[in-house]
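What follows is a short report on a single structure.
Rule-based calculations on the coordinates, nothing more; no lab input. Everything numeric in this text was worked out from a predicted model, so none of it was measured. Neighbour counts are summed over all protein chains in view; Cβ atoms, including those assigned to glycine, are modelled from backbone coordinates with ideal geometry.
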Amino acid sequence: MTAHPDVAARATAGFQRAYGDTPAGRWAAPGRVNLIGEHTDYNDGFVLPFALPLRTVAAAAPHPDGTWTVCSELTGETVAFGADEVAAPGRVTGWAGYVAGVVWALRAAGHRVPGARLAVASDVPLGAGLSSSAALEAAVLTALVDLGGLDLPAEHRPRLAQRAENHYVGAPTGIMDQSAAIRCRAGHALFLDCRTERVEHIPFDLGVAGLAVLVIDSRSPHRHADGEYAARRASCEKAAALLGVPALRDVPAVDLDDALARLPDDEIRRRVRHVVTEDQRVLDTVALLRDGRTRHIGALLTASHASMRDDFAITVPQVDTAVEAALDAGALGARMTGGGFGGCVLALVEADRADAVAGAVEAAYAERGFTAPTHTTVAPAPGATRLD
Ligand code: GLA
């Protein structure tokens, strides 16, 4: 999980290898961590992600014959498709499906998408819960918008990228990851209202506060993650219907007990409790950050983890171990970040304690015989951008 400064150069090299030509430009989009607000996005609630310095870069040039070809440094594959494959959701599969999905979503929104040759390279690790798919979608989307001179303001791009993922790829995700990849700013976390898509950039300057965010890849296998994600989403939608509200965002925290009393079983009550309390934790975190009380968000991060573990039931032993060990070693707060069932843990730490906390997590893993975790410290980076 180390950042290679040369990811853009690698994308260019891939382009030259694949097409024997130089690209017209390069576009970068980041992975993300979510500071707090998990499984709230598809409940029309609140999230607070920030962009990582790890990026996916697309080197691209127009393709006069109107088709699309994309090669991946990671897999070494080159995939070509035309309008017919784009028109049939799911037809292009695997990583290239995200690219075809972006073309599909742009066309579905009425844009004249230019044919293109693309080469992608990435530092965002796959399957670590850091939104490598949204980074790919955002890099390709930004490239195609620029190459085609399309009229698509940045604030409308996340919804379009989400449609690519929901309808072309077939993953029922919310809008957080695409919003982070496209709308984040350096030095800030992105406070997003997922219903209105209104954003506020919240200063999150860790250096000034003497703090660091440690991101630990739990290295746990993503078992059944897709089916479990869809099941959680279905439970939330069922609960909203039972409560007679458009989405769980419409259950105010002060009315939670009344709402819970109206639900038929303990499992659905726990799912609702997670979402409603998590929305409130996002609001509380934002209030503290606006006051410059960064240190004080730690307890909210840890409470979010407990809620994901006990109520939403999306953690696994590796992430619980990492969180516990980080807290025991003095982290101010720690939680799993992302969709769950593995992926990464983030810990808010005093900057000079980062190594000690990471070491404590490694030791706890070794004791339990888990595959050793990896870690890095991160600061909020910018969203999708044209490099040159
Ligand atoms: C995944 C999804 C997001 C969001 C998170 C959980 O990352 O892509 O839309 O639902 O899980 O917060």
Just check the range 204-378 against the gyration tensor rule for me: Cα atoms, a ≥ b ≥ c as the square roots of the eigenvalues, rounded for a/c under 1.5, and otherwise prolate or oblate depending on whether a/b exceeds b/c. oblate
Gyration tensor verdict on the range 306-347 (Cα atoms; rounded if a/c is under 1.5, prolate if a/b is larger than b/c, oblate otherwise): prolate
Hey, can you grab everything whose amide H is under 5 Å from the amide H of Ile36? Only 5+ residues off in sequence or another chain; H modelled, so Pro and N-termini drop out. Leu48
Read phi for every residue in the range 354-368 and hand back ³J(HN,Hα) as whole Hz from Karplus 6.51 cos²θ - 1.76 cosθ + 1.60, θ = phi - 60°, with x for Gly and Pro. 4, 5, 5, 5, 4, x, 5, 5, 4, 5, 5, 5, 4, 4, 8
Rounded to one decimal in nm, the spacing of the 7 Å Cα→Cβ label points at Ala313 and Ala24 is 5.1
How big is D for the range 7-202, in µm² s⁻¹ as a whole number, if Stokes-Einstein is applied with the Kirkwood radius of its Cα pairs at 4 °C and 1.567 mPa s? 79
Quick one: Karplus J couplings for the range 174-179, per residue in order, coefficients 6.51, -1.76, 1.60, θ = phi - 60°, nearest Hz, x for Gly and Pro? x, 9, 4, 5, 5, 5
Dipole of the chain, positive direction: furthest Cα of Ala105, Leu243, Ile268, with charges on the beta-carbon: Ala105
The range 193-269 -> Rg/Rh from Cα coords, Kirkwood Rh, value 1.11
If each of Glu155 and Arg386 carries a label point 7 Å out from its Cα toward its Cβ, how far apart are those two points in nm? 2.2
Quote the relative contact order of the chain in percent (integer), defining contacts as alpha-carbon pairs under 8 Å separated by 6+ residues. 24
Treating only the Cβ atoms of Lys and Arg (+1) and Asp and Glu (-1) as charged, compute the dipole magnitude of the range 144-258 about its Cα centre; round to the nearest 20 debye. 280
Under the Karplus relation 6.51 cos²θ - 1.76 cosθ + 1.60, θ = phi - 60°, what is the ordered set of whole-Hz ³J(HN,Hα) values for the range 144-152, x standing for Gly and Pro? 5, 4, 5, 4, x, x, 6, 8, 9
Mean projected area, convex hull of alpha-carbon positions in the chain, reported to one decimal in nm², is 18.5
Go through Ala135, Leu147, Gly359 and say which Cα lies farthest out towards the positive end of the charge dipole of the chain; charges sit on Cβ, +1 for Lys and Arg, -1 for Asp and Glu. Leu147
In nm, to one decimal, how far is the modelled label at Ala372 from the one at His167, with both set 7 Å along Cα→Cβ? 4.7
About the Cα centre, charge dipole magnitude for the range 204-378 (Lys/Arg +1, Asp/Glu -1 at Cβ), debye: 260
Considering only DSSP states other than H, G, I, E and B, which GluC sites (Glu not before Pro) in the range 1-80 qualify as loop sites with at most 13 other Cβ atoms within 10 Å? Glu77
Relative contact order for the range 235-371: what is it in percent, counting Cα pairs under 8 Å that are at least 6 residues apart? 17
Estimated dipole of the chain in Debye, rounded to 20 [Cβ of Lys and Arg +1, of Asp and Glu -1, Cα centre]: 580
